[in-house]
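The values are calculated or read from the model by the stated rules, or taken from the named source; none is laboratory data. On a predicted model such as this, the values are computed, not experimentally measured, just so you know. In this analysis, Cβ positions are derived from the backbone assuming ideal geometry, glycine residues included, and neighbour counts consider all displayed protein chains.
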Amino acid sequence: MSMDQVVRDKNDPIEEEEDEVTPLTFLSSSSLVASPPAFAVSGKIDLNHVDELQNHGINAADITKLKQAGVCTIKCVQMTTKKNLCRIKGFSEAKVEKLKEAAAKLHNASFITGLEYSVQRKKVLTISTGSKQLDGLIGGGIQTMAITEAFGEFRTGKTQIAHTLCVIAQLPLEMGGGNGKAAFIDTEGTFRHERIKSIAERFGIDAEASLENILVARAYNSEHQMDLITEVAARFAEERGIFRLLVIDSIIALFRTDFSGRGELSERQQKLNQMLSRLVKIAEEFNVAIYLTNQVQSDPGGGLTFVADPKKPVGGHILAHASTTRLYLRKGRGEERIAKVYDSPDVPEAEAPYAISAGGIVDVS
Ligand SMILES: Nc1ncnc2c1ncn2[C@@H]1O[C@H](COP(=O)(O)OP(=O)(O)O)[C@@H](O)[C@H]1O
Ligand SMILES: [Mg+2]
């Protein structure tokens with residue numbers, strides 16, 4: 001029996017923890033391969049950056065420690081529990097209290113009216129997948145401030161969608177883009193600059209320039225993956241408003257290698273939960289779209305639904321809770337692929353076809 005069959009959702013012993021579990025991993029040495037920003041933020045004051053706390057009685061050394069722990073914005077200070085802030089070396093309860101007070105002065109995290117909320121939601125952008133049919137299925141493309149997860153078997157196009165999004169994220173809004181940069185955390189070694197180049201050609205943008213706008217890092221184990229997420233959040237904070245997309249291809253692969261068997265399942269789910277809770281915050285904090293790929297496992301219980309060889313995503317309900325939109329990808333005839341909305345609370349479980357071309361994801365002609 002494979003690991004996939006053993007690790008069944010209903011056997012999954014880990015429920016969402018009541019208290020959030022923001023991990024305070026520390027920055028690794030710079031492993032993100034990056035070029036200097038093409039359009040860096042010009043020295044303007046960012047009231048949401050933790051540096052601003054210095055004007056509110058927090059000393060520079062403590063601000064540095066916050067940044068090293070991946071807490072780079074005032075909003076992130078507010079989204080992190082006191083318990084987790086106290087885990088930073090040298091942070092006493094009194095210090096954390098003072099920090100929370102200073103953050104509260106700078107950013108209102110209390111009630112707003114429904115109208116104010118609707119104004120905030122206007123900031124949400126959609127990034128096209130390259131296929132109008134697929135976009136139509138998910139409300140115009142993948143959304144910022146949300147996590148979109150694609151799962152499916154090998155060669156269904158999960159990685160090709162990721163590459164296409166990295167290019168389209170850079171296009172102007174009128175072209176279905178996000179007018180921003182992309183970051184790609186590659187856990188399987190499948191990022192291909194050649195693919196980016198040919199997708200860029202399809203959209204008539206300079207291949208080199210489009211590669212310059214993508215930060216790429218290879219993650220070697222699940223802890224390293226977490227370090228890279230911390231690091232990328234720091235980059236998002238430094239270059240505020242510049243990034244629109246974060247890809248993690250795949251979210252789960254390294255966890256499955258690092259934790260094996262039922263004995264380590266609960267630890268795996270806890271670590272995965274920490275990572276996802278961090279990602280949910282990053283999506284909202286920086287108004288970026290997060291695209292995750294995931295693997296499938298057979299679902300013997302699904303046989304009751306009369307589907308031949310039913311499949312379901314790995315990761316249990318922890319991943320289900322974190323993802324706003326889940327797409328199940330499968331092969332169709334020839335080069336055709338089919339995406340199906342999976343398990344959505346508010347969208348019908350519709351399907352759309354798409355195809356993979358030299359220029360990335362396209363409509364089925
Ligand atoms: N340049 C290309 N032109 C057309 N199809 C391609 C190209 N490169 C890869 N593909 C197709 O993409 C598929 C693999 O997709 P991929 O995203 O790597 O799958 P997954 O990540 O789901 O395993 C293959 O079936 C391959 O035929
Ligand atoms: Mg892949």
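Residues considered: Leu115, Leu106. Of these, the only one that is farther than 22 Å from Ser277 by Cβ, touching a residue at least 24 places away in the same chain (Cβ under 8 Å) and not polar (S, T, N, Q) is Leu106. Taking (1) surrounded by 19 or more Cβ atoms within 10 Å (Cβ to Cβ); (2) hydrophobic (A, V, I, L, M, F, W, C); (3) within 16 Å of ligand 2 (Cβ to nearest atom) in turn, Phe154 satisfies each apart from (1).
Inspect the stretch 308-316 for any residue being exposed (fewer than 15 other Cβ atoms within 10 Å of the Cβ) and at pLDDT below 95 and give the result as yes or no. Yes, there is a match, as at least one residue in the stretch 308-316 is exposed (fewer than 15 other Cβ atoms within 10 Å of the Cβ) and at pLDDT below 95. Are any of the residues in the stretch 124-147 part of a loop (DSSP other than H, G, I, E, B), in contact with a Phe, Trp or Tyr (Cβ under 8 Å, 6 or more places away or on another chain), among the hydroxyl-bearing types (Ser, Thr, Tyr) and closer than 19 Å to Leu246 by Cα? There is at least one residue in the stretch 124-147 that is part of a loop (DSSP other than H, G, I, E, B), in contact with a Phe, Trp or Tyr (Cβ under 8 Å, 6 or more places away or on another chain), among the hydroxyl-bearing types (Ser, Thr, Tyr) and closer than 19 Å to Leu246 by Cα. Here is the figure for the stretch 157-210: residues that are out of contact with any helix residue (DSSP H, G or I) (no Cβ under 8 Å at 6 or more places or on another chain), farther than 24 Å from Lys123 by Cβ and within 16 Å of ligand 2 (Cβ to nearest atom) total 6. Pairs are defined by a Cβ separation below 9 Å, a sequence spacing of at least 6 or placement on different chains, a first member in the stretch 238-250 that is more than 16 Å from ligand 1 (Cβ to nearest atom), and a second member that is in a loop (DSSP other than H, G, I, E, B) and among the acidic types (Asp, Glu); the pairs so defined are Arg240/Asp46. Among the conditions (1) β-branched (Val, Ile, Thr); (2) free of Cβ contacts under 8 Å to residues at least 12 places away in the same chain; (3) touching a Phe, Trp or Tyr at 6+ places or on another chain (Cβ under 9 Å), the only one that Ile161 does not satisfy is (2).
Within the stretch 195-234, the set of residues being among the basic types (Lys, Arg) and buried (at least 22 other Cβ atoms within 10 Å of the Cβ) is empty. Filtered by the rule that a residue be away from ligand 1 (no atom under 11 Å from the Cβ) and of a type in the set (D, E, K, R), the stretch 337-365 gives Lys340, Asp343, Asp346, Glu349, Glu351, Asp363. Scanning the stretch 168-198 for residues that are touching a residue at least 24 places away in the same chain (Cβ under 8 Å), out of contact with any strand residue (DSSP E or B) (no Cβ under 6 Å at 6 or more places or on another chain) and among the acidic types (Asp, Glu) gives a single hit, Glu188.
Look at the stretch 118-133: where a residue is touching a residue at least 24 places away in the same chain (Cβ under 8 Å) and a partner is of a type in the set (S, T, N, Q), sitting 6+ places away or on another chain with Cβ atoms under 7 Å, you get Lys123/Asn287; Val124/Gln143; Val124/Thr144; Leu125/Thr144; Thr126/Gln143; Thr129/Thr164; Gly130/Thr164. Of the helices (runs of 4 or more DSSP H) lying entirely inside the stretch 212-326, those containing at least 3 residues that are within 30 Å of Arg121 (Cα to Cα) and in contact with a helix residue (DSSP H, G or I) (Cβ under 8 Å, 6 or more places away or on another chain) span 222-238, 265-285, 316-322.
Table: residues versus (1) within 23 Å of Gly141 (Cα to Cα); (2) within 16 Å of ligand 2 (Cβ to nearest atom); (3) of a type outside the set (D, E, K, R); (4) outside the structural domain of Gln170 (by TED's automatic domain parsing).
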site: Thr230; (1), (2), (3), (4): no, no, yes, no
site: Arg244; (1), (2), (3), (4): yes, no, no, no
site: Ser250; (1), (2), (3), (4): yes, yes, yes, no
site: Gln274; (1), (2), (3), (4): no, no, yes, no
site: Ala289; (1), (2), (3), (4): yes, no, yes, no
site: Pro313; (1), (2), (3), (4): yes, yes, yes, no
site: Arg330; (1), (2), (3), (4): yes, yes, no, no
site: Gly334; (1), (2), (3), (4): no, no, yes, no
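Would you check which residues across the stretch 123-149 are small (Gly, Ala, Ser), buried (at least 24 other Cβ atoms within 10 Å of the Cβ) and more than 15 Å from Ala355 (Cβ to Cβ) and list them? Result: Gly141, single match.
Taken over the stretch 79-99, the residue count meeting the criterion of being surrounded by fewer than 16 Cβ atoms within 10 Å (Cβ to Cβ) and not acidic (Asp, Glu) is 9.
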